[in-house]
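> Got a structure here, written out as structure tokens. Questions coming.
The values are calculated or read from the model by the stated rules, or taken from the named source; none is laboratory data. Predicted model, so just to flag it, every value in this text is computed and none were measured. Note that we place each Cβ from the backbone using ideal geometry, even for glycine, and neighbour counts take in every protein chain shown.
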Amino acid sequence: WATEGMSDSFWGFIMACVGAFIPAGLMRTGNHAYRARGRLEIPLNSIVDRKFDEHAGQDVVDAVKTEYGALLSDVVYRIENAALFDPAAPTTLTFTELMVRWDNDLARLRPDERAQLAADIRVAFDTARAHAEQVGIAHLPETARARAATAAKSLRLARDEATSPAERSTATEKANEILSSLMLYYLPKVDEVAALMGGRQPKALPGRRTAGGR
């Protein structure tokens with residue numbers, strides 16, 4: 001082809017067409033640029049992956065962690081929708097495993113893999129939450145459901161600001177007695193109830209090594 005006199009826009013079009021057929025895997029390393037007859041230098045990253053982002057997916061996962069943390073802090077929700085906090089529930093197990101993978105493998109993932117994993121986490125969380133809210137208290141053993149419902153009712157009363165301090169204290173004690181007797185690992189523990197009712201944040205979320213880690 002005769003290349004003299006061809007416009008930069010023409011070469012931009014050619015490079016864009018070439019980029020459409022270059023496997024994204026070729027872009028995982030380096031920051032290469034290509035010059036067409038000395039006219040137009042185009043970074044290959046901009047052709048193959050216009051959404052290249054080393055923080056891909058982080059906002060999505062942060063949003064999930066925030067939502068999950070709010071639910072984990074709600075002791076009433078945790079009793080009435082316990083399946084979300086029980087890894088024996090398949091939907092919760094899937095969500096937990098994906099969060100652990102995000103924490104453990106993040107540094108090794110390509111941006112497209114990060115984005116895909118974040119999307120999978122979003123779907124897994126929404127699915128696990130929907131399942132938990134659908135089955136509700138029925139996730140608990142049948143013999144525990146009535147007492148757990150009473151504990152949830154007591155804790156709802158205990159956090160009601162319209163309730164007197166004495167009534168709140170009595171309601172909390174009643175709930176704690178029930179939770180202790182149920183001995184279900186996925187329900188709030190007595191010391192946890194006191195901390196969360198006092199406004200403290202949960203110690204850890206799925207996929208985190210520490211409370212403040214990502």
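> Run down HIS139, HIS131 and say which single residue is crowded, with 19+ Cβ neighbours inside 10 Å and either modelled with pLDDT of 95 or more or more than 21 Å from ASP62 (Cβ to Cβ) (or both).
Checking each option against the conditions leaves just HIS139.
> Is it fair to say GLN58 is farther than 29 Å from LEU155 by Cβ, surrounded by fewer than 18 Cβ atoms within 10 Å (Cβ to Cβ) and at pLDDT 90 or above?
yes
> Out of all the residues in the stretch 167-181, which are β-branched (Val, Ile, Thr) and without any contact (Cβ under 8 Å) to a residue 12 or more places away in the chain?
THR170, the sole residue that qualifies.
> Cβ-Cβ under 7 Å, sequence separation 6+ or interchain: first residue in the stretch 122-133 and at negative phi and assigned to a helix (DSSP H, G or I), partner aliphatic (A, V, I, L, M) and surrounded by fewer than 20 Cβ atoms within 10 Å (Cβ to Cβ). Which pairs?
That search, which allows pairs on different chains as well, returns ARG122/VAL60.
> Shifting gears a bit: Select, from ALA152, ALA119, the only residue that is among the small types (Gly, Ala, Ser) and surrounded by 15 or more Cβ atoms within 10 Å (Cβ to Cβ).
When all the criteria are applied, what remains is ALA152.
> Scanning for something modelled with pLDDT under 95 and outside any loop (DSSP other than H, G, I, E, B), does the stretch 146-153 turn up at least one residue?
no
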